[in-house]
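Working notes, beginning with the structure itself.
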Amino acid sequence: MAKVLNIMSHKGGTGKTTTAVNLAYGLAQKGLKGLCIDLDEQGNMTSILLQLKDQYPSSDVQEFLEHCKTHSQQGQAHASLCGLKDYIQKDRIRCTIYDVLMKRRTIQECIHPTPYENLDIVPYSPDILDAENRLQATMATFCLQDALQEIDDAYDFIILDNHPAENSITYNAVMAAHKEGDLHLLPIKVDRGGLEGIVRTLHLIYTLRDEKRNQLHSQIRLLVTMKNRNQEDSQWDMALHQAFPEEILSSTIRYQAKPVVYASLHKKVLLEKPDTNVARDYQKAVDEVYTLLQENGHVNAH
Ligand SMILES: Nc1ncnc2c1ncn2[C@@H]1O[C@H](COP(=O)(O)OP(=O)(O)OP(=O)(O)O)[C@@H](O)[C@H]1O
Ligand SMILES: [Mg+2]
């Protein structure tokens with residue numbers, strides 16, 4: 001049965017996607033079969049794992065400009081809008097998380113292989129907020145959990161990358177990681193905003209745990225990310241270890257912009273080049289999560 005890792009924090013830019021992508025890659029490298037699910041309409045996880053930059057050849061930009069020109073009699077702003085719309089439409093991936101949540105397709109139909117061994121993805125949808133509205137209207141919190149049950153035996157782990165907002169998609173993500181051995185992994189950047197974000201996320205998980213009595217048996221783990229080598233961050237790190245001795249991972253991810261920015265710019269996974277300090281930090285986090293998954297019930301490498 002696949003273990004679900006729900007990567008969540010109600011604060012933007014805490015390292016959720018970087019953590020999700022590197023954990024997925026690292027666990028897949030260990031021989032586990034994994035599925036990534038991109039629940040964020042920004043689609044950063046999808047563009048890294050499906051290397052979407054390849055779908056933007058420079059000729060497309062030329063086409064976009066041509067398209068604007070053909071509409072020039074309608075005014076520049078309108079022409080640009082039409083051109084931009086067509087340009088974006090072209091990049092639409094068929095069969096996404098939107099189709100899964102709206103029950104238009106089965107999850108199996110929406111799984112795409114990635115170029116990485118042992119790793120598949122259900123891609124993002126720019127329309128996911130439309131799905132969010134409908135889930136909210138029907139108060140549906142088990143759609144994702146139901147969908148994951150259909151593929152439980154095909155994977156060793158399933159990683160969910162979340163948007164920072166709190167909405168019905170995030171409720172679905174919390175309830176999808178409900179089994180014993182599933183994990184809510186909360187990346188924390190140790191600044192005021194990051195700490196406020198983590199309080200909101202913990203509050204949400206505890207609230208749902210109370211509301212859905214006996215239905216949430218998963219564990220919570222915190223991962224300190226983007227830690228600077230200064231006294232303030234070290235003090236916060238120490239305080240978090242004291243406040244959450246059971247929940248905090250012993251691995252910590254340092255702040256090291258150059259390799260992270262390089263990887264993100266070239267749509268690469270940081271761990272593909274394991275010789276930087278921040279990649280070594282992520283490798284330790286992968287090893288720690290791997291051990292946790294093994295401890296919390298046997299994980300079979302497929
Ligand atoms: N360890 C790190 N050192 C330096 N920069 C980092 C590190 N981790 C992530 N970043 C950078 O910080 C930014 C935010 O990271 P990331 O996209 O992983 O966060 P996120 O929580 O997924 O953001 P969002 O809430 O927008 O989805 C990115 O520009 C990323 O390149
Ligand atoms: Mg993200």
* Rg and Dmax of the chain, Cα atoms, in Å? -> 19.9, 66
* Structure fact -> Note, segment 214-228: 3J(HN,Hα) by Karplus (6.51, -1.76, 1.60, θ = phi - 60°), whole Hz, Gly/Pro = x, goes 6, 10, 10, 10, 7, 9, 10, 9, 9, 10, 6, 10, 6, 7, 8
* Structure fact -> For Arg229 and Arg94, extending 7 Å from Cα along the Cα-Cβ vector and measuring point to point gives, in nm, a value of 5.2
* Structure fact -> Quick note, segment 204-302: a/c under 1.5 would make it rounded; otherwise a/b > b/c is prolate and the rest oblate (a ≥ b ≥ c, C-alpha gyration tensor); here it is oblate
* Structure fact -> Output row, site Arg200, 7 Å Cα→C-beta label point, backbone N cut-off 12 Å, window segment 149-184, residues 163-167
* Label-point gap, in nm, between Gln136 and Asp275 - each point 7 angstrom along Cα→Cβ -> 4.9
* Structure fact -> Nearest-0.05 FRET efficiency for Thr207 and Glu117 at R0 = 51 Å, using Cβ-Cβ distance, is 0.85
* Segment Arg105-Gln62, length gained on full extension (0.36 nm per residue, minus Cα span) -> 12.0 nm
* **DSSP-defined antiparallel bridges as percent of all bridges, the chain, nearest 5** => 5
* How far is it, in nm, from the label point at Leu265 to the one at Gln215 when both lie 7 Å from their Cα along the line to the Cβ? -> 4.7
* To do: Take the chain, connect every pair of alpha-carbon atoms lying under 10 Å apart with a spring to form a Gaussian network, then pick out the residue of Arg254, Arg104, Arg200 with the largest mean-square fluctuation.
  => Arg104
* Structure fact -> Per its Cα gyration tensor (rounded if a/c is under 1.5, else prolate when a/b beats b/c, else oblate), segment 136-194 is best filed as oblate
* **Longest site-free stretch - the chain; sites: GluC sites (Glu not before Pro), DSSP loop, at most 13 other Cβ within 10 Å** => 1-116
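Since every read-out is calculated from the coordinates, none of them should be taken as a lab result. Quantities reported herein were computed from a predicted structural model and do not represent experimental measurements. When we count neighbours, we look across all protein chains shown, and the Cβ atoms used for this are built from the backbone with ideal geometry, even at glycine.
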